[in-house]
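Everything on this sheet refers to the single structure shown next.
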Amino acid sequence: GSMSGTPLANLKDAARSFIDYYQDTQDKDRIGLVSFATGVRVNYALNHNFYTPIGTAINALSAIGATNIEDALSQAGAQFVDQTPVPAANRKQQYIVFFTDGRPTAFRSKFWRSGSTTLYDAVVCVTGNCDSSSDSLYLGEGPTHGGWGHTDTETWYDTSTLRPDPTGDG
């Protein structure tokens, strides 16, 4: 939500300028688009002939939810081709161009819900930044990431009964 208004308009302009540069080489170059808020979405998987579909996806971006940098970078990196068997001199360069307005406000971890024996893999949002231990925790609901946090729904529920799993990596 922090990208509402001018920040999102500026991001869209910058992203369109980036793909404009590669319009004439889209038969050789490959570009993908991963958008994120609390959840993460692969808008266009890394591929050729990206100009029109990515342009359409950029135009459709909206500012909702939190800033889940960890999952966004993980999903973007998963789009890369493993070049381990290719000799170093023959490998293609692969880059992530990352647009964000600041520090993360969401993270993935494992949580127990009070009175439950189920361990939830969840994306959790804090009202400040993830480094603040006094913030209230909220969960997003949707089909991405095992049922939590989706860029389309971004629905929040009070999770005062959640407690972190001490073995989680969040």
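For the criterion of being out of contact with any His (no Cβ under 7 Å at 6 or more places or on another chain) and without any contact (Cβ under 8 Å) to a residue 40 or more places away in the chain, residue 7 fails. From the list 79, 93, 75, the lone residue that is farther than 21 Å from residue 5 by Cα, assigned to a loop (DSSP other than H, G, I, E, B) and touching a residue at least 40 places away in the same chain (Cβ under 8 Å) is 79. Note on region 1-39: residues that are over 23 Å from residue 52 (Cβ atoms), surrounded by 11 or more Cβ atoms within 10 Å (Cβ to Cβ) and of a type in the set (Gly, Ala, Ser) amount to 5.
Looking at this structure, is residue 118 modelled with pLDDT of 65 or more and either within 15 Å of the chain's Cα centre (by Cα) or under 30 Å from residue 47 (Cβ atoms) (or both)? Criteria not met by residue 118. Here region 23-68 is the region considered, the condition is being of a type in the set (Ser, Thr, Tyr) and free of Cβ contacts under 8 Å to residues at least 40 places away in the same chain, and the residue that is farthest from residue 109 (Cα to Cα) is 25. Is it true that residue 42 is surrounded by 11 or more Cβ atoms within 10 Å (Cβ to Cβ) and farther than 27 Å from residue 123 by Cβ? Criteria not met by residue 42. Listed conditions (1) closer than 30 Å to residue 121 by Cβ; (2) part of a loop (DSSP other than H, G, I, E, B); (3) modelled with pLDDT of 90 or more are all met by residue 54, apart from (2). Is it the case that region 97-111 has a residue that's small (Gly, Ala, Ser) and either touching a Pro at 6+ places or on another chain (Cβ under 8 Å) or open to solvent by 80 Å² or more (accessible area, probe 1.4 Å) (or both)? Yes. If you filter region 59-79 down to residues that are in contact with a strand residue (DSSP E or B) (Cβ under 7 Å, 6 or more places away or on another chain) and at pLDDT 90 or above, you find that the one that is surrounded by the most Cβ atoms within 10 Å (Cβ to Cβ) is 72. Among the residues examined, residue 82 does not qualify as over 20 Å from residue 22 (Cα atoms), in contact with a helix residue (DSSP H, G or I) (Cβ under 8 Å, 6 or more places away or on another chain) and open to solvent by 60 Å² or more (accessible area, probe 1.4 Å).
The values are calculated or read from the model by the stated rules, or taken from the named source; none is laboratory data. Keep in mind that this is a model prediction, so the values were computed, not measured. Counting neighbours? That spans all protein chains shown, and the Cβs are built from the backbone with ideal geometry, glycine included. When the accessible area is computed, the model is the full protein with side chains, heavy atoms only, and any ligands, DNA or RNA have been set aside. Shrake-Rupley method; radii C 1.70, N 1.55, O 1.52, S 1.80 Å.
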